[in-house]
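Working notes, beginning with the structure itself.
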Amino acid sequence: MAYFDNNATTPLHPDARQALLDASTENWANPSSPYRISAKVRASMQKCRESIASYLGTDPDQITFTSGSTEANNSVFSNLARTADPSSRVLLSPYEHPSVTEAAHLWFSDRVDILTAQSDGTVSTDDLEAYLSKGSLPALVSILAASNESGVIQPWREAARICQKYGVSYHCDSTQLPGKESLNVISLCTFSVFSAHKFGGPKGIGWLIGDGASSMLVGGEQEKGRRGGTENYPAIASAYRAWESIVQAPIDTVGLSSLRDDFEEQMEKLFPGIRIIGKTSSRLWNTSLLIMPEFENIHWVGKLDKLGFQVSTGSACSTTKSGGSPIAQALAFSLSETQRLIRVSSFHGHTRSDWEGLVSAFAQAYASLKEESIDSSVISL
Ligand code: PMP
C-alpha cells in the first residue's frame, strides 16, 4: 500500500462500502416519514447511535449526526456564542484545526486566548491550570486530542479533568483518535467530534457528542431539533460498520509504531539534518511529520507521487494556503522550514515492506531532485 496520507482521509473499508450499498438499496426512506419503511430506518439509525454511545460511555441523546468534524467543531462555537456571556472568552491550544480556530474567531472575535506551544508539540496542563486559576474563567477550553499534522497526542484526559475541576466546558477535537488510539474516558470531555472518513467510513458523515450541542443548520426538526436536514442513514450505517471493523478491532499499536519508528531511523540515515517533529512526545503510531533538509515539499510530493506514493505537504486543508499550517505557526517555523514540511501517515494494513518502499522512493526522489537542482537553482532551498 503506497498511500501514506491517511490523516487526510482513509479509503472506504470494504465492510463500510457494503453497508453503504445495502442501506442505500434497502433503507433509503426518509427517517422522519410516518410509514413503516421509515420507522425501520429510524430504528436502525437509533441502533447505530446507541451502539456508538455505549462504546464511548455516553448517552445516545448526546450524539448529533453531522456532516463530519468541521461542522461539529463549528457547532460548538456557534452554539456557545448564543448562550455564553457576551464578554466571555475561549481558550484554545495552538495546534487546533482551522475548523476550531476560525470558528472561535468568527464567534468570539478577539476574545480568543491561546495556550503556549511547547517545543515538543504539546501544551502543558500546568499552563492550562495557571490560566484557569487566575480567576475569570473562559466559556470553553479547546484542546485537540491528537494533531492531524504531527500526530502528537495532547494531554486531553488530564485537561478534561482539570476543566471539570474548574467547572469549565471542555471541547476536544478527537477526529484523529478513532482507529489509532484508545477512546477510553472520552466522555470526560463536554464535547467531542468524529469524522467517519478518518477511520474507513464514507465522507460527509460524522457526529458531535455533547450535552445541549446543536448545529448551525436550522429549518428542520431532525436530530431532536439540533441539526436540520434529512439524516443520511446509508452514510450513518456505513460509518457504524467502519466503526465496528476498524475502531472496535484490537490493534497492535506497539508493533505499528515500531514500523513508523524504523522508517524514521532510515530517513535520518539517508537525510542527515532531517527533523522529526514531536519525536520525543507521545504520538499517533501512524504519523511522521518531517522537515526535509533540502528541497521544497511540493517538489518532494510531486516526485513521490510519480513514483506511486502519496504523502502530504502538511495537513490537507493547508496545502492550498502558504503559512496555513497550525503547527508551523505554533512552533514558529521559518518560511523555509514550513516549505520543507512533509507529513507521512499510514493506517491499518501498512506493512514493513510498504514503509521500506517509501524509504526507497524518498531516496529515488532525492536523486532526481538533486540532478534537477544542478541544472536549476530555482527548486533548491
Ligand atoms: N479536525 C481534525 C483534527 C482533522 O484532522 C480534520 C480533518 N483534516 C477535521 C477536524 C475536519 O474533518 P472533516 O474535514 O472531515 O470535517
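The values are calculated or read from the model by the stated rules, or taken from the named source; none is laboratory data. All values reported here derive from a predicted model rather than from experimental measurement. Neighbour counts are summed over all protein chains in view; Cβ atoms, including those assigned to glycine, are modelled from backbone coordinates with ideal geometry. We work out accessible area using only protein heavy atoms, side chains counted, and drop any ligands, DNA or RNA first. Shrake-Rupley method; radii C 1.70, N 1.55, O 1.52, S 1.80 Å.
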State all residues of segment 17-32 that are surrounded by 16 or more Cβ atoms within 10 Å (Cβ to Cβ) and under 27 Å from the mean Cα position of the chain (by Cα); if no residue qualifies, say none.
17, 19, 20, 23
For segment 101-122, does any single residue satisfy the condition of being closer than 30 Å to residue 233 by Cβ and touching a residue at least 24 places away in the same chain (Cβ under 8 Å)?
yes
Which residues, taken from segment 254-290, are surrounded by 20 or more Cβ atoms within 10 Å (Cβ to Cβ) and of a type in the set (Ser, Thr, Tyr)?
287, 288
Please tell me if residue 83 is modelled with pLDDT under 95 and hydroxyl-bearing (Ser, Thr, Tyr).
yes
Exclusive hit being under 30 Å from residue 47 (Cα atoms), open to solvent by less than 50 Å² (accessible area, probe 1.4 Å) and either in contact (Cβ under 8 Å) with a residue 12 or more places away in the chain or in a helix (DSSP H, G or I) (or both), set 251, 236
236
For segment 163-175, check the following and say yes or no: at least one residue is of a type in the set (Asp, Glu) and more than 22 Å from residue 90 (Cβ to Cβ).
no
Quick one: which helices (runs of 4 or more DSSP H) lie wholly within segment 33-145 and hold at least 2 residues that are open to solvent by less than 10 Å² (accessible area, probe 1.4 Å) and away from the ligand (no atom under 15 Å from the Cβ)?
36-56, 125-133
Cross-chain or 6+ apart pairs with Cβ under 6 Å, segment 53-75 first and farther than 13 Å from residue 103 by Cβ, then open to solvent by 30 Å² or more (accessible area, probe 1.4 Å) and within 13 Å of the ligand (Cβ to nearest atom)
67/204
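Yes or no, residue by residue, for (1) open to solvent by 10 Å² or more (accessible area, probe 1.4 Å); (2) within 16 Å of the ligand (Cβ to nearest atom); (3) on the phi > 0 side of the Ramachandran plot; (4) of a type in the set (Phe, Trp, Tyr):
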site	(1), (2), (3), (4)
157	yes, no, no, no
165	yes, no, no, no
169	yes, no, no, no
172	no, yes, no, no
175	yes, yes, no, no
180	no, yes, no, no
197	yes, yes, no, no
201	no, yes, no, no
205	no, yes, no, no
